[in-house]
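A.B. asks: After the structure tokens below, expect a handful of questions from me.
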Amino acid sequence: MTASPTGSEALRPTALRGVTLASLGVVLVSWALCWVNAYVVNDDLPNACGDLRRQSFPPEVACASANGTLTGANAGWIEALFFASLVVFVLLASMVLALASVRRK
């Protein structure tokens, strides 16, 4: 028979926890990049734009011109990375919590 894990063995990090934390890191970094683009790089955009478009999640401030182009918008790959890593984080975090509850029983 195997012995039950001691306190230090039960708390050791696993690969699943590591990937969960890595995806959380990607979410935070990509959100920070979007925030910096919206509120630091494009801080004077509302003063020079007629049709201002704001988005709060992820943060974005963009100016739409008459021909349909957007100035100051976030790069598409950053938003895709943000949402993909957010989904991965939520799924993996729920798996970690489910495994922890199963191991406790």
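A.B. asks: So how much slack lies between LEU97 and ALA22, counting 0.36 nm per residue of separation and subtracting their Cα-Cα distance, in nm?
C.D. replies: Values: separation 75, 0.36 × 75 = 27.00 nm, distance 1.64 nm.
Computed gain between LEU97 and ALA22 is 25.4 nm.
A.B. asks: Output the lone cysteines of the chain: those with no second cysteine's C-beta under 4.7 Å from their C-beta.
C.D. replies: Lone cysteines by the Cβ rule: CYS34.
A.B. asks: Which FRET efficiency value, to the nearest 0.05, do you get for ALA64 and ALA32 by plugging their Cβ-Cβ distance into 1/(1 + (r/R0)^6) with R0 = 41 Å?
C.D. replies: FRET efficiency, ALA64 to ALA32: 0.95.
A.B. asks: Once the other residues with Cβ under 11 Å from the Cβ of THR71 are scored (Lys, Arg +1; Asp, Glu -1), what is the net sum? Walk me through the numbers before you get to the answer.
C.D. replies: On the way: positive: ARG53; negative: ASP51.
Result for the neighbourhood of THR71: 0.
A.B. asks: Keeping every protein chain present and rolling a 1.4 Å probe, give me the accessible area per residue for the chain in Å². Write down the numbers at each step before the final one.
C.D. replies: Working: 7370 Å² over 105 residues.
The answer is 70 Å² per residue.
A.B. asks: Listed highest first by mean packing, meaning other Cβ atoms within 10 Å per residue, what order do 85-97, 40-52, 59-71 come in?
C.D. replies: Sorting 85-97, 40-52, 59-71 by mean packing, highest first, produces 85-97, 59-71, 40-52.
A.B. asks: Which option, (i) 44, 11, 9; (ii) 59, 15, 4; (iii) 31, 14, 10, is the value of semi-axes √(5λ) of the Cα gyration tensor in Å that was calculated from these coordinates?
C.D. replies: Comparing each candidate, only (i) matches the computed number.
The values are calculated or read from the model by the stated rules, or taken from the named source; none is laboratory data. Owing to the predicted nature of the structure, the values given are computational and were not obtained by experimental measurement. We place every Cβ from the backbone using ideal geometry, glycine too, and count neighbours over all the protein chains shown. Just so you know, the surface numbers come from the protein's heavy atoms only, side chains and all, with ligands and any DNA or RNA stripped out. Shrake-Rupley method; radii C 1.70, N 1.55, O 1.52, S 1.80 Å.
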